[in-house]
Structures are given as structure tokens and as C-alpha cells.
1. When the range 66-99 is examined, which residues are found to be farther than 16 Å from His46 by Cα and in contact (Cβ under 8 Å) with a residue 40 or more places away in the chain?
2. Residues in the range 3-17: is at least one touching a helix residue (DSSP H, G or I) at 6+ places or on another chain (Cβ under 9 Å), farther than 20 Å from Val95 by Cα and either aliphatic (A, V, I, L, M) or surrounded by 11 or more Cβ atoms within 10 Å (Cβ to Cβ) (or both)?
3. If you take the residues of the range 68-85 that are part of a helix (DSSP H, G or I) and of a type in the set (Gly, Ala, Ser), which of them is surrounded by the most Cβ atoms within 10 Å (Cβ to Cβ)?
4. Could you please let me know if Val41 is among the β-branched types (Val, Ile, Thr) and open to solvent by less than 40 Å² (accessible area, probe 1.4 Å)?
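The values are calculated or read from the model by the stated rules, or taken from the named source; none is laboratory data. Source: prediction; values computed, not measured. Every residue, glycine among them, receives a Cβ derived from its backbone with ideal geometry; neighbour counts consider all protein chains shown. Areas reflect the complete protein model, heavy atoms only, side chains present, ligands, DNA and RNA absent. Shrake-Rupley method; radii C 1.70, N 1.55, O 1.52, S 1.80 Å.
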Amino acid sequence: MEDQDIVNEFLIESSDNLGRLDQEMVELERRPRDVELLASVFRTFHTIKGTCGFLGYGKLERVAHQAENVLSQLRSGKQTLTSGLASLVLEAVDVLRRH
């Protein structure tokens with residue numbers, strides 16, 4: 001697979017993932033204690049972060065990593081989901097989408 005093919009595949013996959021994150025974050029705000037839903041959101045950010053790192057997109061990798069850190073704190077119970085934290089995670093989705 002050529003480099004451009006890999007980038008194109010990344011763009012398609014990321015678009016799908018970011019759309020799913022939008023939907024899942026809205027649902028997570030409704031059901032903040034849904035462990036499976038939270039795990040799904042975390043995994044999606046983890047996947048995006050890993051792919052960004054592989055492709056050398058350092059800024060995007062850092063954005064995804066920061067969102068992943070917030071989600072990790074939610075998963076461990078160190079934080080509870082507030083509208084502010086949900087907005088922060090959605091802001092990360094927006095940054096990833098724009099770049």
C-alpha cells in the first residue's frame with residue numbers, strides 16, 4: 001500500500017470515528033455511568049491517537065491523547081462526567097475534524 005493510500009484510508013476511518021464520537025458523546029451525557037459506552041469512546045480516541053502517531057501527525061496525536069487522558073480519569077472514577085468535561089472532549093473531536 002502506498003503512503004497516499006494509507007493517508008486516504010486514515011481520513012475515511014477518522015471521519016467515521018469522529019462521527020461516531022459525536023453521537024456517543026451525546027449519548028454518554030445522557031448515560032454518564034454507562035461503562036461500555038465510555039469504553040467505546042475511549043477506544044475510539046485510542047485508535048485515532050495511535051494512527052496519528054504512526055503517520056507522524058504529532059499535534060493530532062497530542063489532542064487525541066489529552067482527550068484519552070480525560071476519558072481515562074472518567075473510567076477510573078477519578079472524575080465524573082460534567083457538561084464541561086463533555087464539552088472538552090467534543091472540542092477535541094472538533095480539533096481533530098478540522099485538521
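1. Thr80, Leu81, Ser83, Ala86, His99 - these are the residues of the range 66-99 that are farther than 16 Å from His46 by Cα and in contact (Cβ under 8 Å) with a residue 40 or more places away in the chain.
2. Checking the range 3-17: at least one residue is touching a helix residue (DSSP H, G or I) at 6+ places or on another chain (Cβ under 9 Å), farther than 20 Å from Val95 by Cα and either aliphatic (A, V, I, L, M) or surrounded by 11 or more Cβ atoms within 10 Å (Cβ to Cβ) (or both).
3. Taking the range 68-85 and keeping what is part of a helix (DSSP H, G or I), we get 68-76, 83-85.
Pick out the ones that are also of a type in the set (Gly, Ala, Ser) and you get 72, 76, 83-84.
Working: Ser72: 15, Ser76: 8, Ser83: 8, Gly84: 8.
Going through the qualifying residues, I end up with Ser72.
4. Working: among the β-branched types (Val, Ile, Thr): yes; open to solvent by less than 40 Å² (accessible area, probe 1.4 Å): yes.
So Val41 passes the test.
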